[in-house]
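The values are calculated or read from the model by the stated rules, or taken from the named source; none is laboratory data. Just so we're clear, the structure is a prediction, and the values are computed from it rather than from any experiment. Here the Cβ positions follow ideal geometry from the backbone for every residue, glycine too, while neighbour counts run over all protein chains shown. Areas reflect the complete protein model, heavy atoms only, side chains present, ligands, DNA and RNA absent. Shrake-Rupley method; radii C 1.70, N 1.55, O 1.52, S 1.80 Å.
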Amino acid sequence: MSVVARIGSHLRTSKTVMVSGGTLCAIALIAIVAPWISPNEYLAADFSSILRAPTMSAGHIFGTDDLGRDLFVRTMMGVRVTFVVAIVASVVSLVIGVLYGATAGFVGGRVDGVMMRLVDTLYATPFIFFVILLLVVFERNFLLIFVAIGAINWLDMARIVRGQTLSLREREFVQAAQLIGVSTPRIIFRHIAPNLVGIVIVYVTLTIPQAILIESFLSFLGLGVQEPQTSLGKLVNDGTKQMEGASWILLIPATLLAAILLCFNFLGDGMRDLLDSRRSQ
Amino acid sequence: MLRYTLRRLLGAIPTLFLVIVLAFLLVHAAPGGPFDDERALPAEIEANIAAAYHLDEPLPMQFLRYIGGVVRGNFGPSYSYRDYTVSELIGRSFPVSVQLGALAMLLATVVGVSAGIVAALKNNSPLDKVVMAFAMTGISVPVFVVAPLLVLLFAVKLQWLPASWTGSEGGSRLLLPVLALALPQIAYVARLTRASLIEVLSSDFIRTARAQGLGTLAIVRYHALKPAMLPVLSYMGPAVAAVLTGSVVVEEIFGIPGLGQLFVRASLNRDYTLVLGVVIFYAALIVLLNLLVDLLYGAVDPRIRRR
């Protein structure tokens, strides 16, 4: 690739990152602020204004649902839940994945072989069905959903971190640390982990949409977030039941969910490209 | 090839065993028994029920009994569908899901590979950008959003196709569910095909073929397509898993009496034996299909077998 073309693609990917990241920040900000300043209450049912189509004048800019609840506030509360689930689940998968991958990669040898064999085995198991099983067996609580989603998503992270650690292990500064007698956990935390930050950030951006997808999938099936709480997946499900008469109840959360997922995917892809182009230089 | 096949088969057994153990322990870790929420019964009757379902035995015994049954294809009785065994329920609903899933995979492969080839040959053209934008959207938008939108457009607004399974016959009722199921996979396959074909087309043996005066279509057909299909082939395992998961949603939305709908109903009814049976069945299916993909991969690419 010529220098000009490389700079061009660099700027273009940066633009993707800026636009998708900015859109996500804007959505998050509105979701945080809007329910506070909106005159409509989240749970207030108003039977005199059932299934109102979206209008600016009536004060319901996203319309109302079959109980007369304001859909704008409900959608924003759903966005909040979706973001919180995504972030917590990603942190869970990040912690497990980085620790596991860094340990396997750094210790190496037979330990690495066994640890990665386990990852391969877990990889072949359809976890989503286990999460459903978990939700069937135990009470459906919020925390369980976070942990379950995080517990699925750490496998990719572990693999990537392991690969990166394997190459870091051979570098001079790690060997120097070993030579002067720094302990293994300390090398992993102080010398390996900081060098993993770039690639980890990129892959976290790519696991966030997966976490959102799983949460909304479960909520859509009625196994995730329970009334009176809501999430985008649940709102899409509510909308599906009403779509013949009131299509906006489906269209608004569906579009928002699609937009959020699209932005996260563009953000992750763009950041990966940026990271790759910095490496190749 | 035989040694390779045997090795892969042996590798699948620990995975399957792990799945069964995990699923079994999870269900039995549940507080209370499956009949606890019914009216208070005399102690003798409760003891009789427990004895009839072997719930009075220690857990390891129950597990051995269960796994002995699973090996012979017997998943025990269903708790919510009286007079049916889990195997009967699975046997009745599975063919519907197979029909749906197989058609979706076929559609995804044919359309996805074609779109990927076109995009790769017209690399960086407006057509390529359009195909890739569609692919990104297809990957991002989940099945449970695509399916209701398809229903809204084609069944409610345009009224070209039926919205639900019951009350309609033939191929028309299959069209929307299959499309909803296939769209994300079309997107993945198209992206993979494009990326891999672009890489293959820049390799030396393609330049040689071009120097000999072979046309683009002949190069793709006889030289580039086979090596370019390897990443797509290895994606088929995850694709099957995704289609199976997706069909849970699609069957629920369109009211199709398949395995996915059975699974959701069983989950919401807390029918433990049925959920356990379906999870194990799904897991076994996915593990076996992954195995099949691996074997196919080994058959296509001899380098894999020697490792």
Can you tell me which of B:GLY112, B:GLY11 is within 14 Å of another protein chain (Cβ to nearest Cβ), surrounded by 14 or more Cβ atoms within 10 Å (Cβ to Cβ) and over 28 Å from B:ARG265 (Cβ atoms)?
B:GLY11
Over the range B:259-307, the set of residues open to solvent by 40 Å² or more (accessible area, probe 1.4 Å) and over 16 Å from B:LEU233 (Cβ atoms) is B:ARG265, B:LEU268, B:ASN269, B:ARG270, B:PHE281, B:LEU288, B:ARG306, B:ARG307
Out of (1) open to solvent by less than 40 Å² (accessible area, probe 1.4 Å); (2) in a loop (DSSP other than H, G, I, E, B); (3) polar (S, T, N, Q), the one B:SER164 does not meet is (1)
Looking at A:VAL200, A:VAL182, can you tell me which residue is more than 14 Å from chain B (Cβ to nearest Cβ), surrounded by fewer than 23 Cβ atoms within 10 Å (Cβ to Cβ), within 26 Å of A:ILE96 (Cβ to Cβ) and within 17 Å of the chain's Cα centre (by Cα)?
A:VAL200
Got at least one residue in the range B:22-30 being farther than 30 Å from B:THR193 by Cβ and at pLDDT below 75?
yes
Just checking, does the range B:91-106 include any residue being open to solvent by less than 60 Å² (accessible area, probe 1.4 Å), away from chain A (no Cβ under 14 Å), outside any helix (DSSP H, G or I) and not β-branched (Val, Ile, Thr)?
no
Selection from the range A:218-242 of residues surrounded by fewer than 22 Cβ atoms within 10 Å (Cβ to Cβ) and within 8 Å of chain B (Cβ to nearest Cβ) yields A:GLY222, A:LEU223, A:THR240
Among all residue pairs at least 6 apart or on different chains, which show Cβ distances below 7 Å where the first residue, located in the range B:251-265, is closer than 10 Å to B:SER93 by Cβ and the second is modelled with pLDDT of 85 or more and part of a loop (DSSP other than H, G, I, E, B)?
B:GLU251/B:GLY258
What's the number of the condition A:LEU251 fails, among (1) crowded, with 23+ Cβ neighbours inside 10 Å; (2) within 14 Å of chain B (Cβ to nearest Cβ)?
(1)
Options B:ALA180, B:ALA218, B:ALA133; residue that is in contact with a helix residue (DSSP H, G or I) (Cβ under 9 Å, 6 or more places away or on another chain), under 27 Å from A:PHE217 (Cα atoms) and part of a helix (DSSP H, G or I):
B:ALA180
Return yes when B:ILE219 is within 14 Å of chain A (Cβ to nearest Cβ), aliphatic (A, V, I, L, M) and more than 30 Å from B:ILE90 (Cβ to Cβ) and no when it is not.
no
Which helices (runs of 4 or more DSSP H) does the range B:237-307 wholly contain that include 3 or more residues that are β-branched (Val, Ile, Thr)?
B:272-300
Whether any residue in the range B:235-244 is without any contact (Cβ under 8 Å) to a residue 40 or more places away in the chain, within 14 Å of another protein chain (Cβ to nearest Cβ) and either open to solvent by less than 30 Å² (accessible area, probe 1.4 Å) or under 21 Å from B:ALA108 (Cβ atoms) (or both) is what I want to check.
yes
